[in-house]
């Protein structure tokens with residue numbers, strides 16, 4: 001990752017927490033913990049940063065949220 005992409009991820013890790021808290025019911029998943037979901041979310045936000053290289057942070061936040069909500073690893077776990 002470039003320095004810019006790394007900075008985007010570090011500044012917006014709260015998006016991972018937001019998606020977990022608003023979209024996933026962790027207590028109903030006894031074999032998975034918050035940390036499991038957080039790790040998957042961190043990977044997803046890094047992939048979003050790698051694919052999005054425009055200097056428009058607001059557009060990146062929108063893309064990152066979408067990427068997190070539609071993360072294949074999360075969807076596989078939840079289905």
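The values are calculated or read from the model by the stated rules, or taken from the named source; none is laboratory data. Here the structure is a predicted model, which means the values were calculated and not measured. Counting neighbours? That spans all protein chains shown, and the Cβs are built from the backbone with ideal geometry, glycine included.
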Among (1) in a helix (DSSP H, G or I); (2) modelled with pLDDT of 75 or more - the single one residue 77 does not satisfy: (2)
Residue match in region 42-55 (condition: touching a helix residue (DSSP H, G or I) at 6+ places or on another chain (Cβ under 9 Å), at pLDDT below 70 and part of a helix (DSSP H, G or I)): no
Output for region 9-20, where each listed residue is within 12 Å of the chain's Cα centre (by Cα) and in a helix (DSSP H, G or I): 9, 10, 14, 15, 16, 17, 18, 19, 20
